[in-house]
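Engineer: Okay, here's the structure, questions in a sec.
The values are calculated or read from the model by the stated rules, or taken from the named source; none is laboratory data. Just so we're clear, the structure is a prediction, and the values are computed from it rather than from any experiment. Quick reminder, even Gly has a Cβ in these numbers, built from the backbone with ideal geometry, and neighbours come from all protein chains shown. In case anyone asks, the SASA skips ligands and DNA or RNA and just uses the protein heavy atoms, side chains included. Shrake-Rupley method; radii C 1.70, N 1.55, O 1.52, S 1.80 Å.
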Amino acid sequence: MKLTILGCYAATPRTITNPTSQVLEIRNRLFLIDCGEGTQVQLRKNKIKFSKINHIFISHLHGDHLYGLIGTISTFSLLGRTTDLHIYGPKGIKELILLQLKLTESWTTYKLFFHELESKESEVIFEDNKVIVKTIPLKHRVYTNGFLFQEKPGDRKLNVEAVQQYNIHTAYFQKIKGGGDVTLDDGTVIKNKELSFDPIPSMSYAFCSDTVYHEDVLPIIKDVDVLYHESTFLESEATLALKTLHSTAKEAATIALKANAKKLILGHYSTRYDGIERFKEEAETVFPNTLLGDDGRSFEF
């Protein structure tokens, strides 16, 4: 699992920082999460192929998470894209994008599918044979979701020595990898645990931005491997965080601790601060395994 942060600062773009956007690579799938201004430039800088992005997830309809979307959609057409593109986001996103395409007479060269969200309960919005994606309802000034990405368990590993010992035919190998037992010609049943090893542990990633401190997310993200949680402010501005329905670095760390997350990545920093090291220092007082997100930074897990 690889996460590339394209932008992770709040509000307006600057020459040195970008608003929220990131790419998650999981089980050979590439998911674009949020699409603030400058996203397509950051995709190029980080050498991420546009053609590999088939699913875009938008957390909410605030500009610093959305205003790069129409440009990205249009560029896909200019590059001659023919593959379907799926967009998941709050109700209204379809109207917003189609109006822009209509008025600019820039209809796409590919099929565009919108999956509009309005439920306030967690729901599955994408699933294939390798990955499942669920919403994480958040509490912000407008309807907002985070997203939980989970790998499905892979095939079990074949115990070659055991298979040879029992002289099991190769025709049974796929069944064994799928967790099945094998019955020998004499009627003896060989349990799967004797013929295979556990698969590589599946990974999970939770994206939570933007939200006030909100413990309702805990059951959804419990035991998550990696949690990205907004940390717009430091505790010195906790009153402002509450007023604008954002979180502090300490609050993000508290969510990570209570969710039993393995790692926490901070982001969505207010640009009022001179640097971001203080966010890490504050979070580590609660949750030591904290990492700093930053534009262009990649993490592999």
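Engineer: Wholly within the range 1-82, which strands (runs of 3 or more DSSP E) include no fewer than the required count, namely at least 1 residues that are among the charged types (D, E, K, R)?
Structural biologist: Numbers: elements: 2-7, 21-26, 29-35, 53-57.
Filter on the range 1-82 gives 2-7, 21-26, 29-35.
Engineer: Then there's this: In the range 96-115, is there at least one residue being assigned to a strand (DSSP E or B), touching a residue at least 24 places away in the same chain (Cβ under 8 Å) and basic (Lys, Arg)? Before the answer, list the steps.
Structural biologist: As a first pass, look at the range 96-115 and keep what is assigned to a strand (DSSP E or B): 112-115.
Those still in the list that are touching a residue at least 24 places away in the same chain (Cβ under 8 Å) too: 112-115.
Remaining after also requiring basic (Lys, Arg): none.
No, that holds for no residue.
Engineer: Between GLU95, GLU105, GLU121, GLU127, which is touching a Pro at 6+ places or on another chain (Cβ under 7 Å) and either open to solvent by 50 Å² or more (accessible area, probe 1.4 Å) or modelled with pLDDT under 95 (or both)?
Structural biologist: Details: GLU95 fails: touching a Pro at 6+ places or on another chain (Cβ under 7 Å); GLU105 fails: touching a Pro at 6+ places or on another chain (Cβ under 7 Å); GLU127 fails: touching a Pro at 6+ places or on another chain (Cβ under 7 Å).
The conditions single out GLU121.
Engineer: Shifting gears a bit: Which residues, counting only those in the range 282-301, are over 22 Å from SER21 (Cα atoms) and either touching a Phe, Trp or Tyr at 6+ places or on another chain (Cβ under 7 Å) or polar (S, T, N, Q) (or both)?
Structural biologist: Residues satisfying the conditions are THR285, ASN289.
Engineer: Do any helices (runs of 4 or more DSSP H) entirely within the range 191-301 hold 3 or more residues that are open to solvent by 10 Å² or more (accessible area, probe 1.4 Å) and at pLDDT 95 or above, and if so, which? Before you say what the answer is, go through the steps one by one.
Structural biologist: Working: elements: 192-195, 218-221, 238-244, 249-258, 277-284.
Correct list: 218-221, 238-244, 249-258, 277-284.
Engineer: Please enumerate the residues belonging to the range 130-146 that are open to solvent by less than 40 Å² (accessible area, probe 1.4 Å), in contact (Cβ under 8 Å) with a residue 24 or more places away in the chain, in contact with a helix residue (DSSP H, G or I) (Cβ under 9 Å, 6 or more places away or on another chain) and in a strand (DSSP E or B).
Structural biologist: ILE136, PRO137, GLY146
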